[in-house]
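As structure tokens, the structure follows; a few thoughts come after it.
No value in this document is a laboratory result; all are computed from the given coordinates. Please read these numbers as outputs of a predicted model, since none were measured by experiment. Cβ atoms come from the backbone with ideal geometry, glycine included; neighbour counts cover every protein chain shown.
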Amino acid sequence: MIPEFSGRKDELKDWLTGELKGFLYDQLSPSYCMRSGLDFLKDVPLPFTPTNYVKFQDGEELPVSEIADNIVLSLGADTHFKYAAPYKRFLARFFDEKLVDVVLSRSHGQLGSKNYRRACIYARAALLLDSEARDALYNYACVCREWYLSLEGEDDSEALVAVLKSEAGKYFEYTLEADPSFAPAWYYAGYTYLNQALYSKAQLAWKRFIDLTGGVDDEAVKDAKERLAALEQPVIIESGINMLLSGRTEEGLRTLEPFVGSGYDSWWPLHFYLACGYRQLGFVNEAIEGFSRVIELAPSHYESNLALAQLYSQTGQDELAEKYARKADLLAHSEGSGNA
């Protein structure tokens, strides 16, 4: 179910409200509100740019479109804006359903100029106006994706990148909920699933994308086909992991063991799940070897350090048990515990 955009927790607000710092807020006179049928704006401050404000103070009549744009930016920057209700009434009073298209057009323009914050604000405003519009859902997902791609590698942007990735993934899926036949959303959903190591879902998404495009040989279709070819073995690995997780331990081990020593030998989850399977079957030495390999590849992996502490204690190797217990305890109390 696609959520009402205004009802969601606003994860991006802190990175967007800086765009409103140039606004000045002032009220229309009560008499003007009553005379113009805008009684719902009585005691409600409206946003003005400095240029707008000078004209307003001089008694000049401002184009409704300029005030509307300021309102749209205020709403998009803060989806729980204090005056959201009267602002939306103002927009409904002067504009029809085509306003969503206008707002989306402005988002596209800002994205084309790489003004990611402003593009995101317009995208969010469009969703506030219509939370289920396919084009609004897709545009917001694309803006979030382009923004986080522009930030990757910047150490001080990790928190923002995490939020943007989450938003992009959700809204590509919501786009498909709104229109399952919309091919472009399947293409980007494939990347969302790939980034989450959901290889089977990525495979299905790209197959669906190719089917919907009729296999037209453009760059996106070529890319999807290449990705599908590269996914053949990861999908098998994922199926083996799922077997282990569902209790089909021996079958899961048989599926995963051929990948040890292959091109996937440096992928720590392969060794972690194999070690878990060996441990479950009572193959202690093999389990120790597997968890040790995980730590070679991902030294801060909490679960593997804890497992080694327990296995070494079980085999009477107290010094090693203490070593890994101490490390597991440090990881448990450090930021990012459990992550490679």
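Taking +1 at the Cβ of each Lys and Arg and -1 at the Cβ of each Asp and Glu, which of LEU274, SER304, LEU24 sits farthest along the dipole of the chain towards its positive end, judged by Cα position relative to the Cα centre?
So the residue furthest toward the plus end is LEU24.
What distance in nm separates the two pseudo spin-label positions at VAL54 and ASN115, each 7 Å out from Cα along the beta-carbon direction?
Placing both labels 7 Å along Cα→Cβ, they lie 2.0 nm apart.
Say R0 is 35 Å: what FRET efficiency, to the nearest 0.05, do HIS108 and SER300 get from their beta-carbon distance?
0.25
Enter the angle in degrees (range 0 to 90, nearest 10) between the Cα long axis of helix 84-94 and the first principal axis of the Cα atoms of the chain, meaning the one along which they spread out most.
In the chain, helix 84-94 runs at an angle near 50 degrees to the longest axis.
Taking the Cα centre of each part, how many Å lie between the range 264-340 and the range 100-119?
48
Over the range 205-340, calculate the relative contact order: mean separation of alpha carbon pairs under 8 Å at least 6 apart, over the residue count, as a percent.
On the way: 140 pairs, mean separation 18.4, N = 136.
This gives 13 percent for the range 205-340.
Once the dipole of the range 5-178 is set up with Lys and Arg at +1 and Asp and Glu at -1 on Cβ about the Cα centre, which of THR51, MET34, ALA159 lies farthest towards its positive end?
Result: MET34, furthest along the dipole toward the positive end.
Any chance you could give the angle, 0 to 90 degrees and rounded to 10, that helix 318-332 forms with the longest Cα principal axis of the chain?
With rounding to tens, the tilt is 10 degrees.
To one decimal place, what Kirkwood hydrodynamic radius in Å is obtained for the range 5-178 from all pairs of distinct Cα atoms? Don't skip to the end; give the middle numbers.
Numbers: mean 1/r = 0.0593 Å⁻¹.
By the Kirkwood definition, the hydrodynamic radius is 16.9 Å.
In whole Å, what are the Cα extents of the range 163-258 along the three principal axes, biggest one first?
Between the extreme Cα coordinates on each principal axis of the range 163-258 lie 41, 31, 20 Å.
If I model a spin label as a point 7 Å beyond the Cα along the Cα-Cβ vector, how far apart are those points for VAL64 and SER29 in nm?
Modelled inter-label distance: 2.1 nm.
Using only Cα atoms and rounding to the nearest 10 degrees, what angle (0 to 90) does helix 219-245 make with the longest principal axis of the chain?
50
Taking a temperature of 10 °C and a viscosity of 1.306 mPa s, what whole-number D in µm²/s does Stokes-Einstein yield for the chain with Rh from Kirkwood over alpha carbon pairs? Show your work: numbers first, answer last.
On the way: Rh = 23.8 Å.
Approximately 67 µm²/s, per Stokes-Einstein.
Compute the orientation-averaged projected area for the range 260-332 from the convex hull of its Cα atoms and round it to one decimal in nm². Each step should come with its number before you reach the end.
Working: hull surface 17.6 nm².
Over all viewing directions, the range 260-332 projects a mean Cα-hull area of 4.4 nm².
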